[in-house]
Amino acid sequence: MNFSFSQLKMFFVFALLSIAFSNSQTSAGYDLWLGNSEIREPTILLEYQNFTNSIFFSGGNSILLNAQKELVKGLKAILGRESDVQDFPNLLNTMWVAKKDGLNQELQSALKGNFEQIGKEGFIIKSVSVDGKNILLISANEDIGILYGVFKFLQLMKMQKSLDEINLIEAPKIDLRMLNHWDNLDRTIERGYAGFSLWNWQKLPEYKDPRYEDYARANASIGINATALTNVNANALVLTSAYLEKVAALADVFRPYGIKVYLTARFSAPMEIGGLNTADPLDKDVIEWWNNKVTEVYKYIPDFGGFLVKANSEGQPGPQNYGRTHVDGANMLATALKPFDGLVIWRAFVYSETDATDRAKQAFTEFVPYDGNFLDNVLVQVKNGPIDFQPREPFHPMFGAMPNTPLVMEFQITQEYLGFSSHLVFLPKLYEEVLYAETYKKGKNATVAKVIDGSLYNNKISGMAGVANIGTDLNWTGHPFAQANWYGYGRLAWNPYLSSETIAEEWLRLTYTNDSAFVEPIKAMMTVSREAVVNYMTPLGLHHLMDTGHHYGPGPWVSDLSRPEWNPTYYHKADKDGIGFDRTPSGSNATSQYAPEIAKIFNAPETCPEEYLLWFHHLPWDYKLKNGVILWDAIALKYQEGVEQVEEMISIWDQAKKYITYDQYNEVRMLMEIQLKEAKWWRNACLLYFQTFSGREFPPGMELPAENLEYYKSLKFPYAPGN
Ligand code: GCW
């Protein structure tokens, strides 16, 4: 074939452009934690090369094909050469990847104990001896275990773990490991800060965006096995056949990655799309409508997971509209789903505008008496704290209080109250704090993690949900470090006993580089980032000071909203005598919802952990903290500390510049400028406002606000995202 000069020139330009584009895609973080594949350690590289020359890979259904594809692609990227993959075992093979029933009898019985431990989704990665020869084995009881095992193996390789150290018998500790997308059918995302919804409803079912598979793959690589596609503030239309066809197309893409699809069910759907004049859960037409609807859903999606429901919460319809209870509503749906093994996940995020009691108490008061009344395919989903995804909350008192009901932990991965996608906040630190919390139900060592994984009360099913931070942004999550929150959520859903530092280290190594000179300081930076945001937004137990509606920036002065508990003033209760919410027996007595051992600690300001002080106590401005500093000064200095922590994070990041590409460095650096600016804004606005009550000077050591209170109050953000 002959090319003219101008054709060649065009070809050259095009080639350059595509290289530039693919580089920018990589550095833009599209690959997530599945990218970095360097092994710098030559001995380790050699070890892996020796064990992956020839691989026996058994089985060919869609999940296993994905596993094989991952393994081959991963090995090639890491080792720089193709491995020979065969579908029959022999002793020339250095590695075997096969389910239990693909192994010879001898191995099956030798590993019997291991297979019993790993259940349906776990895996074994270990070196075994077959006829005197050492073989590296990845095995599992089911297909999905093989896929998880392969991902794990590649991750271990990428993190340069020596093969000698690898002897893994792993199974997830939680059954349902779920993402909740608050995605609307028009592709906006409630509390979404990373672009629009991935689900292109308009083009589905025919057009399946390749990104759907990348999404499924990323989730499978960390063990996420369920996704609720739609907003809990639900739209009934998603249950019509036109949409179910689209949902089925997504389910088809996710299935080979072991991911089941769930939908949010709008309680009034029988009226909105079914033509009925009631949605009363005890009405026979309503019951029949849901039975038929569920049967239809399973025709489209045979392995449909079930319904996630927000009912009688923040204006959403529910059984109480008909004088019925949460139990009536949940059990009606559960009965319809039962023949198909479907689940109902019923949210406990409820508080009423007509109930004057402390909002923090309402979910507990409403739900705990129902313990034991839900059918066995109902799970109750509880937010980590009793208010609403604040930078810090004590654990929700419902954890441990409903022994006969499986409670799903709901964490928020998207940063609604934590700086959107502009602030670097490593959330596994927050998750870990909640999971490690001691409930004192059934004596000591009864942590929230044990409630969630079902071990405390021997629940038959367990679950964790994370409100997704994913959107159409090229890097999925807006902030590159917000990927770590998706990753970390998945890891904790798999094993709620992992430490946040382990997670940070894994993520850094998989995402950026194995170089400890980079990993160590950046890990420390991530670890401090959560405390920083607490300090510059809501220190010492303050909460819900965010501006109205969009929750962007400070609005502690807001007091004119129709519902009292939507106003920040409801939460901080600052007056000339002091600040904080008295939740002890002399106040709302919310502490009584905790075990007596915990309540006792929270009830006395002297024993209450300082990080929860103003959550539980209203204290005078000159109240002396343990270090002798008076409350007013302590609040001011905490805000100041938060700002300084961000400055410190920036200087650590600057040091790390030489280990990564300029684009990787600079993207985060620019975002950190926003974070610093906003941290100062938070400090200045809150302190100037609280000063109007305390009437005291700012303590030495605090940088003085650049503007006056009127200025901060005048700021308006009608287009802040995610609202
Ligand atoms: O945190 C609040 C959010 C709402 C959200 C609600 C909920 C989906 O501000 O946007 O609605 O919680 O969890 O239901």
Fill in: Residue within the range 336-346 that is in a strand (DSSP E or B), touching a His at 6+ places or on another chain (Cβ under 8 Å) and within 30 Å of residue 294 (Cα to Cα) present
yes
Practice prompt. Give 514, 485 a once-over and let me know the one that is assigned by TED's automatic domain parsing to the domain that holds residue 229 and of a type in the set (S, T, N, Q).
Written response: 485
Worksheet item: Looking at (1) within 20 Å of residue 466 (Cα to Cα); (2) touching a Phe, Trp or Tyr at 6+ places or on another chain (Cβ under 6 Å); (3) in a loop (DSSP other than H, G, I, E, B); (4) within 16 Å of the ligand (Cβ to nearest atom), which is the one condition that is false for residue 314?
Response: (2)
Discussion item. I'd like to check which helices (runs of 4 or more DSSP H) are fully inside the range 88-191 and have at least 3 residues that are surrounded by 21 or more Cβ atoms within 10 Å (Cβ to Cβ) and either within 26 Å of the chain's Cα centre (by Cα) or charged (D, E, K, R) (or both).
Written reply: 143-158
Response to the item:
Filter the range 332-348 for residues that are surrounded by fewer than 21 Cβ atoms within 10 Å (Cβ to Cβ) and of a type outside the set (Lys, Arg); the one that is nearest to the ligand (Cβ to nearest atom) is 335
Worksheet entry | Checklist (1) surrounded by fewer than 24 Cβ atoms within 10 Å (Cβ to Cβ); (2) assigned to a strand (DSSP E or B) applied to residue 450, failing item | (2)
Worksheet item: Of the residues that make up the range 436-456, is at least one in the same structural domain as residue 216 (by TED's automatic domain parsing), touching a Lys or Arg at 6+ places or on another chain (Cβ under 6 Å), closer than 30 Å to residue 368 by Cβ and in contact (Cβ under 8 Å) with a residue 40 or more places away in the chain?
Response: yes
Practice prompt. Please find, among 59, 74, the residue that is assigned to a loop (DSSP other than H, G, I, E, B), touching a helix residue (DSSP H, G or I) at 6+ places or on another chain (Cβ under 9 Å) and either on the phi > 0 side of the Ramachandran plot or not hydroxyl-bearing (Ser, Thr, Tyr) (or both).
Written response: 59
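Let's see how each residue does on (1) within 18 Å of residue 297 (Cα to Cα); (2) touching a residue at least 12 places away in the same chain (Cβ under 8 Å); (3) part of a strand (DSSP E or B):
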| position | (1), (2), (3) |
| --- | --- |
| 248 | yes, yes, no |
| 261 | yes, yes, yes |
| 279 | no, yes, no |
| 282 | no, yes, no |
Worksheet, complete the sentence: Checked pairs for the range 463-484, first over 19 Å from residue 506 (Cβ atoms), second aromatic (Phe, Trp, Tyr) and more than 15 Å from the ligand (Cβ to nearest atom), C-beta under 7 Å and 6 or more apart or across chains, list as 470/476; 470/486; 471/196; 472/196; 474/30
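The values are calculated or read from the model by the stated rules, or taken from the named source; none is laboratory data. Here the structure is a predicted model, which means the values were calculated and not measured. When we count neighbours, we look across all protein chains shown, and the Cβ atoms used for this are built from the backbone with ideal geometry, even at glycine.
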